[in-house]
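This report refers to the structure that appears directly beneath it.
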Amino acid sequence: MLSPYRVLDLTDERGVLAGQMLADLGADVIQIEPPDGSSGRGVAPFFAERPDESIYWAAYTRGKRGITCDLETERGRELLLRLLETADFLIESADVGRMTELQLDFETLRERFPQLIYTSISAFGQTGPKARYVGSDLAIWAAGTPLLMTGDDDRAPVRVSQPQAWGHAAGDAAGGSMLALHARHQSGRGQHVDVSAQVSAAQATLGQVLAHQLGAVEPERYGGGIKIRGQAIRGTADVADGYIVLLMGPGPAVGHFANHAVQWLVDIGAVEPALLEENFVTYADRVASGQADAALFPRLQETMREQVATRTKQEMLEISIAYDLLLVPVLTIADLSVSPQLEQRGFWRELEHADGRQVTYPGPPLNIVVDGEPFGYSHRPPPALGQHNAEIYGELGLTDAEIAQLRSEGVI
Amino acid sequence: MTLPEGSGPLAGVKILDLSWIVAGPTVGRVMADYGATVIRVESPTRIDTARVVGPFHGDVAGVEHSGLYGNVNAGKWGLTLDLRVPEAQGIFRRLSVWADIVCESFTAGVLARWQLDYQHLHQLKPDLIMLSSTLLGQNGPYNQVSGFGSQGAGMAGIQDLAGWPDRPPAGPFGPYTDYPAPRFALTALLAALDHRNRTGQGVFIDQAQAEGTLQLLAPALIDYKNGGSLLERRGNDDPQMCPHGVYPCQLPAGRTESWVAIAVATDAQWRSLAELTEADASWSLEQRRARQPQIDAALSAWTSTRSAAEVEEKLQSAGISAHRLSTTEDAANDPQLAHRNHFRRLPHALHGETIIEGPRYIHSATPITTARPAPQYGEHNEQILKEVLGLDDADIIALAASGALS
């Protein structure tokens with residue numbers, strides 16, 4: 001779908017997913033790295049059989065071509081300007097101010113490339129009192145507010161063990177770039193898109209980031225569950241081989257799931273059939289007016305916990321589907337690697353690396369049909385360092401001798 | 001005939017937004033911000049969960065009080081339709097011919113039963129773009145699993161990775177799969193719109209929201225799937241940074257806790273931190289990781305006697321990544337968020353004023369303004385039915401009598 005467009009991707013480990021999202025939709029995305037490799041190539045984890053090869057970098061450069069170019073040199077910057085003649089988008093995530101020092105910032109480039117869409121990803125944004133703050137996954141999650149909301153109430157707040165913040169920002173960089181493309185269709189001109197990872201992280205709060213300003217109470221962290229004014233519901237329940245998500249509650253939004261759970265408990269003989277008379281959609285109102293027993297729902301929860309504790313994640317998933325319960329397993333990375341759901345959706349793809357290894361990757365998260373035909377996703381593996389130098393500099397009209405010269409000068 | 005057009009890059013683009021809660025509506029919110037005309041269709045009987053969870057205006061629960069609903073539906077026009085009623089299905093069909101893009105998030109198969117799925121709608125409008133977004137996708141053995149993003153977090157593996165190794169999962173906060181999913185959907189819809197404008201071809205997008213979160217776990221998935229190691233939750237530990245964690249700070253008046261996040265990525269940063277906290281500046285990452293408990297204890301002692309704001313400023317001045325763990329009150333007073341005009345106030349018929357977040361990016365040439373707060377229940381029923389579909393008063397009375405609207 002995006003095959004008419006070219007993206008020059010200058011990002012490092014911060015935001016490298018953005019270009020991949022556009023590559024997955026068909027854009028020609030060229031990852032540009034310094035001659036000694038992006039700092040992203042140093043980010044863990046690493047392939048077991050190739051401890052010098054970053055899985056992180058491979059994960060988010062799949063689908064792109066890759067070249068090297070030393071932007072610290074005049075010759076390297078000239079090459080980039082020649083590439084920009086052919087490009088629609090530039091995406092970068094350098095420390096704020098660095099692109100200006102290199103004279104490759106938006107303001108410098110806009111006159112020569114008025115159609116260029118120039119997207120900057122940074123921790124806090126390109127301007128403002130915190131623009132020069134040093135970012136990190138943890139600090140961004142803290143500044144966006146989700147970190148304080150996450151964790152057990154008797155311990156320090158806790159992050160997700162696979163860093164998340166730059167991924168959210170990258171997702172916004174891709175969307176913001178596409179909005180700028182539509183603006184260009186209207187005006188004929190490109191523009192600067194300034195993405196702040198702090199702001200992107202604020203999305204991971206279910207709107208709670210607005211709580212204080214709306215006059216609502218500050219959210220409190222309570223595991224994977226909910227705690228409001230001291231009332232806490234644990235988010236998970238123990239099962240025989242791990243955990244399930246069990247956020248059972250009464251009320252108009254989810255009470256019908258509790259009714260379904262009663263049906264299951266009756267069918268297995270864990271509760272009396274008389275409990276089927278209760279309707280948990282309207283239960284809270286009837287408790288308030290004295291028509292229903294306030295102790296009933298907590299007893300039901302307790303019974304649920306006892307019953308699920310002796311069953312496996314897989315058993316509970318099948319029961320959940322059969323009875324339409326609001327209940328799913330907490331899958332581990334190991335579970336996901338053999339998930340029949342992902343298998344049947346064609347999620348995984350085998351890509352052949354430059355050194356001939358077959359590596360299995362997660363595919364794009366969307367199955368797309370264009371004009372009645374499945375969209376043809378690229379099966380391009382992540383590029384080795386400088387893998388497409390000859391190809392791409394050749395496309396620019398450089399001769400083999402000129403490319404060899406650049407190589408010997410260390411520009412590429 | 002149509003509703004008043006918006007302004008911005010998507011002016012003139014028409015969206016029928018039948019999605020609900022967060023993952024889907026967030027996409028339409030962005031499109032409305034950038035000028036699209038978005039009609040948000042709601043069921044008058046099955047209440048949108050976003051309306052019944054907070055944060056609420058004035059901390060008072062109510063279907064017109066939800067800041068979450070307001071945040072993901074601002075700028076849209078509101079229509080109620082009970083799609084179980086045949087007359088409502090007819091209205092929906094006519095609106096999908098009006099629309100460039102239809103977004104929906106029913107359980108897989110529900111729209112097909114009403115002949116309102118892509119297979120049927122694209123026969124009425126061959127160049128239709130449609131997004132069907134569910135937790136696990138349209139096909140597969142588990143496509144009927146019910147759930148919100150909180151269940152998605154379990155199914156996407158992220159819940160298992162948030163928390164402490166000696167305890168059950170302790171996070172993430174809320175329905176996590178609702179956060180990455182709209183980014184993937186928006187990007188793909190805008191690509192599809194670009195493609196349709198060039199070629200006249202329609203596009204169908206089947207989104208599994210959980211798979212969006214899996215993109216953010218791709219390194220861990222690739223590692224294990226290819227015979228490497230299994231990532232498990234490890235608190236705030238990071239294999240390439242030390243110290244790396246959340247440390248207690250002096251309590252400001254009226255607070256029961258206060259924390260600062262500190263992430264030391266390089267030896268140079270460690271030397272700066274060691275100088276401030278009187279630690280051994282010579283330790284390498286490996287040596288620091290080996291002494292992590294004692295480093296964390298010493299650092300906690302140092303942060304405990306200072307405010308989070310002071311630690312943040314001192315460390316950032318020394319080139320070390322640090323930030324206080326902002327409360328939502330801190331966010332309201334954050335000078336950086338204020339600089340970006342992130343929180344926006346809109347006049348509101350019931351609340352006088354409401355507050356929403358701005359977009360997640362700043363466009364230098366196309367600044368946006370959100371035209372109106374999220375619609376109240378059925379707020380624009382009459383206007384939409386008259387101005388978009390040309391119904392008259394008698395038609396609307398008949399439609400209402402059929403039960404299509406309430």
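The values are calculated or read from the model by the stated rules, or taken from the named source; none is laboratory data. The structure displayed is predicted, hence computed values, not measured ones. Because the Cβ atoms are built from the backbone with ideal geometry, glycine has one as well, and the counts that use them run over all protein chains shown.
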When restricted to B:SER282, B:SER300, B:SER317, B:SER307, the only residue more than 21 Å from A:ILE140 (Cα to Cα) and either free of Cβ contacts under 8 Å to residues at least 12 places away in the same chain or more than 7 Å from chain A (Cβ to nearest Cβ) (or both) is B:SER282
B:GLY227 meets each of (1) in contact with a helix residue (DSSP H, G or I) (Cβ under 7 Å, 6 or more places away or on another chain); (2) free of Cβ contacts under 8 Å to residues at least 60 places away in the same chain; (3) within 8 Å of chain A (Cβ to nearest Cβ) with one exception, condition (1)
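For the structure I just gave you, tell me whether B:ALA188 is modelled with pLDDT of 95 or more, at the interface with chain A (Cβ under 8 Å from one of its Cβ atoms) and under 28 Å from A:ILE226 (Cα atoms).
Values: modelled with pLDDT of 95 or more: yes; at the interface with chain A (Cβ under 8 Å from one of its Cβ atoms): yes; under 28 Å from A:ILE226 (Cα atoms): no.
Answer is no for this residue.
Quick check: anything in the range B:121-133 within 25 Å of A:MET248 (Cβ to Cβ), in contact (Cβ under 8 Å) with a residue 60 or more places away in the chain and surrounded by 22 or more Cβ atoms within 10 Å (Cβ to Cβ)?
Residues of the range B:121-133 that are within 25 Å of A:MET248 (Cβ to Cβ), as a first pass: B:133.
Right, trim to in contact (Cβ under 8 Å) with a residue 60 or more places away in the chain and you get B:133.
This time we only want the ones that are surrounded by 22 or more Cβ atoms within 10 Å (Cβ to Cβ), so: B:133.
Yes: the range B:121-133 contains one or more residues that are within 25 Å of A:MET248 (Cβ to Cβ), in contact (Cβ under 8 Å) with a residue 60 or more places away in the chain and surrounded by 22 or more Cβ atoms within 10 Å (Cβ to Cβ).
Can you pull out every residue in the range B:1-29 that is more than 10 Å from chain A (Cβ to nearest Cβ) and within 19 Å of B:ARG183 (Cβ to Cβ)? Before you say what the answer is, go through the steps one by one.
Of the range B:1-29, the ones more than 10 Å from chain A (Cβ to nearest Cβ) are B:1-7, B:14-20, B:23-25, B:28-29.
B:ILE15, B:ASP17, B:SER19, B:TRP20, B:ALA23, B:GLY24, B:PRO25, B:GLY28, B:ARG29, listed by residue number.
Given the range B:59-176, what strands (runs of 3 or more DSSP E) lie entirely inside it while holding 3 or more residues that are at pLDDT 95 or above and aliphatic (A, V, I, L, M)?
B:129-134
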The residue from B:TRP270, B:TRP283, B:TRP302 that alone is part of a loop (DSSP other than H, G, I, E, B) and modelled with pLDDT of 95 or more is B:TRP283
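What about B:GLY254, is it surrounded by fewer than 24 Cβ atoms within 10 Å (Cβ to Cβ), more than 7 Å from chain A (Cβ to nearest Cβ) and modelled with pLDDT of 95 or more? If you could, list the steps in order and put the result at the bottom.
Numbers: surrounded by fewer than 24 Cβ atoms within 10 Å (Cβ to Cβ): yes; more than 7 Å from chain A (Cβ to nearest Cβ): yes; modelled with pLDDT of 95 or more: no.
In short, no.
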Reported set for the range B:327-366 where residues are under 24 Å from A:GLY167 (Cα atoms) and more than 10 Å from chain A (Cβ to nearest Cβ) is B:ASN341
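Looking at the range B:233-248, which of its residues are in a loop (DSSP other than H, G, I, E, B) and either more than 7 Å from every other protein chain (Cβ to nearest Cβ) or crowded, with 21+ Cβ neighbours inside 10 Å (or both)? Can you show your working first?
Keep residues of the range B:233-248 that are in a loop (DSSP other than H, G, I, E, B), which gives B:233-237, B:239-240, B:242-243.
Result: B:ARG233, B:GLY235, B:ASN236, B:ASP237, B:CYS242, B:PRO243.
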Filtering helices (runs of 4 or more DSSP H) wholly in the range A:1-110 for at least 2 residues that are crowded, with 23+ Cβ neighbours inside 10 Å and of a type in the set (A, V, I, L, M, F, W, C) gives A:16-24, A:55-61
*Condition check for A:ASP194: modelled with pLDDT under 95, within 30 Å of B:LYS314 (Cβ to Cβ) and either facing chain B (nearest Cβ under 7 Å) or not in a helix (DSSP H, G or I) (or both)*: no
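If you go through the range A:344-360 one residue at a time, how many are part of a loop (DSSP other than H, G, I, E, B), more than 7 Å from every other protein chain (Cβ to nearest Cβ) and not aliphatic (A, V, I, L, M)? Before you say what the answer is, go through the steps one by one.
At the first step, the residues of the range A:344-360 found to be part of a loop (DSSP other than H, G, I, E, B) are A:345-347, A:353-357.
Checking which are more than 7 Å from every other protein chain (Cβ to nearest Cβ) leaves us with A:346, A:353-357.
Still in the list and also not aliphatic (A, V, I, L, M): A:346, A:353, A:355-357.
So the answer is 5.
In the range A:373-383, which residue that is at pLDDT 95 or above and exposed (fewer than 14 other Cβ atoms within 10 Å of the Cβ) is farthest from the chain's Cα centre (by Cα)? It would help to see each step written out before you state the result.
Step one: list which residues in the range A:373-383 are at pLDDT 95 or above, which gives A:373-375, A:380-383.
Remaining after also requiring exposed (fewer than 14 other Cβ atoms within 10 Å of the Cβ): A:373-374.
On the way: A:GLU373: 27, A:PRO374: 24 Å.
Among those that are at pLDDT 95 or above and exposed (fewer than 14 other Cβ atoms within 10 Å of the Cβ), it is A:GLU373.
Considering only strands (runs of 3 or more DSSP E) fully contained in the range B:305-406, which possess at least 3 residues that are at negative phi and either more than 19 Å from the chain's Cα centre (by Cα) or surrounded by fewer than 18 Cβ atoms within 10 Å (Cβ to Cβ) (or both)?
Result: B:321-324, B:343-348.
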Mind checking whether some residue in the range A:295-307 is small (Gly, Ala, Ser), in a helix (DSSP H, G or I) and surrounded by fewer than 16 Cβ atoms within 10 Å (Cβ to Cβ)? no
Report task. Return a yes/no flag: does the range A:282-293 have any residue that is in contact (Cβ under 8 Å) with a residue 40 or more places away in the chain, surrounded by 18 or more Cβ atoms within 10 Å (Cβ to Cβ) and not in a loop (DSSP other than H, G, I, E, B). Result -> no
If we ask which residues in the range A:25-48 are in contact with a Lys or Arg (Cβ under 9 Å, 6 or more places away or on another chain) and over 23 Å from B:THR266 (Cβ atoms), their number turns out to be 6
A:GLU218: passes all of (1) surrounded by fewer than 22 Cβ atoms within 10 Å (Cβ to Cβ); (2) more than 7 Å from every other protein chain (Cβ to nearest Cβ); (3) not aromatic (Phe, Trp, Tyr) but (2)
Among A:VAL271, A:VAL266, A:VAL245, A:VAL262, the single one that is assigned to a helix (DSSP H, G or I) and either touching a residue at least 24 places away in the same chain (Cβ under 8 Å) or within 32 Å of the chain's Cα centre (by Cα) (or both) is A:VAL262
Of the listed residues (B:PRO4, B:PRO44), the one being within 16 Å of B:ASN381 (Cα to Cα), surrounded by fewer than 24 Cβ atoms within 10 Å (Cβ to Cβ) and touching an Asp or Glu at 6+ places or on another chain (Cβ under 6 Å) is B:PRO44
Has the range B:195-210 got any residue that is more than 7 Å from chain A (Cβ to nearest Cβ), buried (at least 24 other Cβ atoms within 10 Å of the Cβ) and either in contact with a helix residue (DSSP H, G or I) (Cβ under 7 Å, 6 or more places away or on another chain) or free of Cβ contacts under 8 Å to residues at least 12 places away in the same chain (or both)? yes
Note on B:ARG183: of the conditions (1) within 7 Å of chain A (Cβ to nearest Cβ); (2) at pLDDT below 95, unmet is (2)
Exactly one of A:TYR56, A:TYR133, A:TYR118, A:TYR60 is aromatic (Phe, Trp, Tyr) and free of Cβ contacts under 8 Å to residues at least 24 places away in the same chain, and that one is A:TYR133
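Here is a list: A:HIS192, A:HIS168. Which entry is on the phi < 0 side of the Ramachandran plot, of a type outside the set (Lys, Arg), without any contact (Cβ under 8 Å) to a residue 60 or more places away in the chain and in the same structural domain as A:VAL43 (by TED's automatic domain parsing)? Quick ask: steps written out before the conclusion?
Numbers: A:HIS192 fails: without any contact (Cβ under 8 Å) to a residue 60 or more places away in the chain.
Just a single option satisfies the conditions, and that option is A:HIS168.
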Taking the range B:27-53 and the residues there that are closer than 13 Å to B:GLY6 by Cβ and part of a loop (DSSP other than H, G, I, E, B), the one that is nearest to the chain's Cα centre (by Cα) would be B:TYR34
Of the residues in the range A:163-190, those that are of a type in the set (S, T, N, Q), surrounded by fewer than 24 Cβ atoms within 10 Å (Cβ to Cβ) and assigned to a loop (DSSP other than H, G, I, E, B) number 0
